[in-house]
1. Please find, within the stretch A:1-21, the residue that is farthest from the other protein chains (Cβ to nearest Cβ) out of those that are within 24 Å of the chain's Cα centre (by Cα) and in a loop (DSSP other than H, G, I, E, B).
2. So which residues in the stretch D:358-379 are facing chain C (nearest Cβ under 9 Å) and assigned to a strand (DSSP E or B)?
3. Could you figure out which of (1) at positive phi; (2) part of a helix (DSSP H, G or I) isn't true of C:Trp156?
4. Please verify whether B:Thr261 is facing chain C (nearest Cβ under 8 Å), buried (at least 22 other Cβ atoms within 10 Å of the Cβ) and not small (Gly, Ala, Ser), treating the condition exactly as stated.
5. Can you spot a residue in the stretch A:83-98 that is modelled with pLDDT of 95 or more, surrounded by fewer than 18 Cβ atoms within 10 Å (Cβ to Cβ), hydrophobic (A, V, I, L, M, F, W, C) and under 25 Å from the mean Cα position of the chain (by Cα)?
6. Which count do you get for residues in the stretch C:196-220 that are within 7 Å of chain D (Cβ to nearest Cβ) and on the phi < 0 side of the Ramachandran plot?
7. Kindly check whether there is at least one residue in the stretch D:332-339 that is touching a helix residue (DSSP H, G or I) at 6+ places or on another chain (Cβ under 9 Å), assigned to a loop (DSSP other than H, G, I, E, B), open to solvent by less than 50 Å² (accessible area, probe 1.4 Å) and away from chain C (no Cβ under 13 Å).
8. Test each condition in (1) free of Cβ contacts under 8 Å to residues at least 24 places away in the same chain; (2) in contact with a strand residue (DSSP E or B) (Cβ under 6 Å, 6 or more places away or on another chain) for A:Thr89 and report the one that comes out false.
There are 4 protein chains.
Amino acid sequence: MLGSGFIARFYAESLHAQRRKDHIITVYSRSIENAKRFADDYNLPHHTDKMKEAINHSEVDVVLISLPNHLHEIAVEECVKAKKHVICTKPLGRTAKEAKRMLNMVEEAGIFGGYLEDLCYTPKFLKSMESVKKGDIGRVLWAKSREAHPGPHSDWFWDKEKSGGGAIIDLGCHCVEISRNYIGKNVKPIEVMCWADTQVHPIEAEDHAIGLVKYANGAIGQFEVSWAFRGGMDLRDEVMGTEGTIWINNFLRTGFEMFTTGKGGDGYVAEKAEVNKGWLFPVGDEAHDLGYPNMFTDMFAAIEEKRDPLETFYDGYIVNAILDAAYKSAETKLWEPVILEDWRGDAPDASEIEKTSYDNEHYLIKEEMLPNGDKKIILKHKTTGEVTQKTIS
Amino acid sequence: MLGSGFIARFYAESLHAQRRKDHIITVYSRSIENAKRFADDYNLPHHTDKMKEAINHSEVDVVLISLPNHLHEIAVEECVKAKKHVICTKPLGRTAKEAKRMLNMVEEAGIFGGYLEDLCYTPKFLKSMESVKKGDIGRVLWAKSREAHPGPHSDWFWDKEKSGGGAIIDLGCHCVEISRNYIGKNVKPIEVMCWADTQVHPIEAEDHAIGLVKYANGAIGQFEVSWAFRGGMDLRDEVMGTEGTIWINNFLRTGFEMFTTGKGGDGYVAEKAEVNKGWLFPVGDEAHDLGYPNMFTDMFAAIEEKRDPLETFYDGYIVNAILDAAYKSAETKLWEPVILEDWRGDAPDASEIEKTSYDNEHYLIKEEMLPNGDKKIILKHKTTGEVTQKTIS
Amino acid sequence: MLGSGFIARFYAESLHAQRRKDHIITVYSRSIENAKRFADDYNLPHHTDKMKEAINHSEVDVVLISLPNHLHEIAVEECVKAKKHVICTKPLGRTAKEAKRMLNMVEEAGIFGGYLEDLCYTPKFLKSMESVKKGDIGRVLWAKSREAHPGPHSDWFWDKEKSGGGAIIDLGCHCVEISRNYIGKNVKPIEVMCWADTQVHPIEAEDHAIGLVKYANGAIGQFEVSWAFRGGMDLRDEVMGTEGTIWINNFLRTGFEMFTTGKGGDGYVAEKAEVNKGWLFPVGDEAHDLGYPNMFTDMFAAIEEKRDPLETFYDGYIVNAILDAAYKSAETKLWEPVILEDWRGDAPDASEIEKTSYDNEHYLIKEEMLPNGDKKIILKHKTTGEVTQKTIS
Amino acid sequence: MLGSGFIARFYAESLHAQRRKDHIITVYSRSIENAKRFADDYNLPHHTDKMKEAINHSEVDVVLISLPNHLHEIAVEECVKAKKHVICTKPLGRTAKEAKRMLNMVEEAGIFGGYLEDLCYTPKFLKSMESVKKGDIGRVLWAKSREAHPGPHSDWFWDKEKSGGGAIIDLGCHCVEISRNYIGKNVKPIEVMCWADTQVHPIEAEDHAIGLVKYANGAIGQFEVSWAFRGGMDLRDEVMGTEGTIWINNFLRTGFEMFTTGKGGDGYVAEKAEVNKGWLFPVGDEAHDLGYPNMFTDMFAAIEEKRDPLETFYDGYIVNAILDAAYKSAETKLWEPVILEDWRGDAPDASEIEKTSYDNEHYLIKEEMLPNGDKKIILKHKTTGEVTQKTIS
């Protein structure tokens, strides 16, 4: 385990829960005090403030990087030297270039490179992906992911140099990969339009952004990210398909509601909750609902089975490329192309919309039941293009 | 009442409900059969297929236009000639030019011009506006309105010439005015970025669009509109402010849930509901929840009290100007300026973000309670700009 | 208007809203100051502290009783003497005896006696009743109504002598009539089991109670009432039928959610809301969502059309009889019969359960889809009674 | 693993998921075909149709009983003989007598007896229990648990002899233990009132029941169970405390909503879901949300740490004793005492209600903000008992 901060703790708790057979051997932190505190809290046999020492520890098979963004590449380099498998927290890099270098290193070294995109492992996400693959919602037209909260926990997030940006790099990486999964990983992302602004905080980086990602088949991915949201952590996905709709709420409304006058005293309610009295919306098992256990299960199983995990370094690279385009668009105010020197999916090739025939001469536009019991049918003539309607009572 | 279609019926039912003192005198329809059927259904003393005859009927004080979009201007012209007050369904025009001509005509004639933007009169909207005005959510940063359903009821909607467009003109007019109210009607809309596509239906106009409207104070209005949504009518608003959040669901989730095996037989469930078995989400009182009664109350009271209603022809014109920019942006793929030859609000002038001081030397970026009970404070030095953190346990 | 308290104000606002043609002429209050304040607030031409004077005012056609429970009978007596129509707030009496005397007086005098049971007029209730009548949920098996909040507004409620009891008489009257509507007003209520306790407040009357009402056809009505609920006003109904389910939430979760840090200052959020910061759940239009406008529309229309309203003094009497049995049961701890000297519905006669045949020899108990795709069918032999199962893969 | 049915499969999936170190060695089923199918599905090295053989298998440390209710005691007997630890699915026995015999056997043999009450291990339940213990909702007044669905999967459930009853024994066992946890396991259950009926199915046992359990401290546990619910599996808990409220929805509304036209084809949606088109409410990770992983983690950790698990055979016995009283009450129509020959909790001793003083002379009954901004305070005189009110504007 490289890193001993907030996310490292979440990871450690997931790894050591539910009688899993995988265990943390050592922890590296830049501060030896933090390394010790972490090792004590999770009963680790070893800790260190030397990254190499941790990576090269003889019992370590897999290195888990949960360091600030600007240290990912250095850590991957060390893993490559030590020929240890590596799984890295999100975002992979601060830019596509950085991510590509990490991808190349790992692939050349023949080691495993897992991308810890937990929100693509939440129970709701995985189940909804099954439905999408089965065709329950038809062709996906639009996939939006929203992640908004009152801002991150650690100083380095707020420092553009270390993090690579603001809410877009921190939260947008989740949203982009969620949308991309729904739309299909083989479908090429073409261009991005993004608005970003620093609306509230005294920082250089953006604290609010909205982006649209156009895919080769005409589908739209949308991300809404903010560090200026009030009320807790808003993690919602919405997908529109030709045959259905998916709405997922991962955090603030999950069927657990509590009112308290606050007489029980202060305490932790949930990640980024802002209040601890009145109506609260705790999450039953945060780590599980955020996807950590499923993610680690997939990663370790993939290593054993010598297969790719669901989320790879390559996916991390694609996400960075999309975010690069988003940052550029936020500056140029133009739709910016997603630059992918290494595209492994389908060739871009827009799919045709199939029109539904009503009869030989007409396409069916729609039919609907009216309040008075009539049924209305709206048609378009196949040759003249004229739109007409019929009422069937 | 000019028009006898779906929306005219909704209007008539609201007007004749709850023992109101205002009544419909006559109805005009282009088809005399429809006029008669409408007059019979609502016990009207008179009906006609001549627009002038209806407008000039001696007992008519106010003319309600619920005609297809391309007939609004002609109808307003006739009202102006007859010096009768006029209230007109949404959108006011197909373009800002058309809307501006209607506005000018009405103002020059000194008659009342009310804009029937019902979704700015829903009970939830009105109550949330009170909260926003009171400052409950602080400065508004973002106001999104979403209206999506499987497509409109009548043929003319699907005909770009008659309607002026597709989902943007039909649904976006609601969304734009809702966002504009939350952000403040005095704040100038500056520019628009819009994506639009025809993803599903065999039509020329767009059946799906997403737009961002930038306001002079940095706030963002967002609209999401679609005729390709599956599952009913999705009417939701979300507002983010510096001190709070508002989430409104006007239709699909309002605290009324019903499961039925369908043994009760077919029937009307709710506007644009797509199924009548399984889990259904009816709306208690559709007309009320869509704002009709409050809207007519305001309109007639405003006429009597010789004041402006909440929504005027001028508002309709602003909405059209924003939608014009949206249509242009969808074509040029650029942020397009909102062209307003007649702006009556505040001069554009971006407001400054107030930074919160932590102490003499630092701004406060954020504070948060962590799961282990620690409190973290993130600070920015006022002169060096360095970001640091403190943990208070 | 007799009375000038909380409920009288709610009534007055509903009556004077939405351009209704019915208006309040005068208000009576035991305190002339309150009468004056009320008359001023609602622009009434007249006010008085003499009940007779108000009732006999020449312009008054209908008397609306919104007085404490112990004054209902006296007020009805005066209306009867004056031969004025009367509509009376809930509960009708403090006991069935009192209610029966009021019913008799009104019927003998030939005047109109409307029972102001607003929660049987909420938009959601009325719409769900249509579904129930249409057969959408089949035969009703169980109808629960829950009303719980942190306690009433006025001193007299808490005084057992004046109110006739505690939470049961105050809130149970709503719940009992809601369940009775769903089950069918013609179905005789047979017996009641009730638990009641004073769990929290320093009062004689119960502040929490749960009751079961058994109807002649085997259906169960359930009421859950409390003055000790924390979190606002909890108004929910649940109905189970052989073909479906209804869930109604009238207040705390209606699709309107707001988070506020409280910087907007204090203020009224919703009836019995307990907090004004954090997550709040305001109601769009409280009066409408609580049924007042629909109730008054029905009452005045019924008077004009010389028909019964949906809720009559007779209904009020039945409710009181059920509550009498509830109070008795809470003391005796036995199922207590509902004593109805005047029953106008169907003769008690339990309906037979229809069994669904699977084939000539078996009844179908149930069928279900299993996770592995198998379909299971559970059968009962018609003569031997043996239960068996089949799996169809 | 004894048993190879629906619940055994759910258990097996939880046990073999997430890289747990505990594995199933063998499976016993009365039918060798089922045993083989099960062993194949879960890659078990051994299977048998001889119970003893399975229990005595040398690698087996813990026996998991997931057999029909009438076989629990026999299986426990065999485990005792083999001195193997035993964990048994719910309900422990068909009656308290049966449960007590099992409890005695296990305690005398000094083996571990874990009670597999999964719903007391759901993530939401565990987290809410923390809040309750911390005092967030004050003193618990009422704890209701509801479990209702369209009926169980296997024939033996519907056979009163084998199962010990109907919906009460099948579902009530969950509800009773949930309520008991919230109220406090040390608080003695005193008496039970229960209504039960066979409203829909052609069976002897009850398919719908409602019960009230009175505890020594005045708190009320409530269970609502049914095999006649339509719409899926309704698993909800509600708790009222003097300082707060808890609402938990474990299944039908958990923040995952999907609409589908059904074009994706048929398939399994969720346990006891009744439809697979229209609006569906899948559960992200059923096993986890139903508590299985947490339950097994606690059981195996408890065995290793030689401590009691959260749910023991003793708890199973108490639940059976409460259900015995419920069955008796359903017949006698009286409040029936809970007969506990072996009570290990606190002596019954009703706690006093603390009254809140307003000033020296008055108790505070309540205070509330009114719509017009006034604040009302309701008081009771400490000696005279008179109830008065004050309005502070």
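1. Filtering first and then ranking leaves A:Met1.
2. The answer is D:Tyr363, D:Leu364, D:Ile365, D:Lys366, D:Glu368, D:Met369, D:Lys376, D:Ile378, D:Leu379.
3. All conditions are met except number (1).
4. no
5. Scanning the stretch A:83-98 turns up no residue that is modelled with pLDDT of 95 or more, surrounded by fewer than 18 Cβ atoms within 10 Å (Cβ to Cβ), hydrophobic (A, V, I, L, M, F, W, C) and under 25 Å from the mean Cα position of the chain (by Cα).
6. Looking only at that region, the number is 10.
7. There is at least one residue in the stretch D:332-339 that is touching a helix residue (DSSP H, G or I) at 6+ places or on another chain (Cβ under 9 Å), assigned to a loop (DSSP other than H, G, I, E, B), open to solvent by less than 50 Å² (accessible area, probe 1.4 Å) and away from chain C (no Cβ under 13 Å).
8. A:Thr89 satisfies every listed condition except (1).
The values are calculated or read from the model by the stated rules, or taken from the named source; none is laboratory data. This structure is a prediction, so every number in the text was calculated from the model and none was measured. For neighbour counting, all protein chains shown are included, and Cβ atoms are generated from backbone atoms with ideal geometry for every residue, glycine included. In case anyone asks, the SASA skips ligands and DNA or RNA and just uses the protein heavy atoms, side chains included. Shrake-Rupley method; radii C 1.70, N 1.55, O 1.52, S 1.80 Å.
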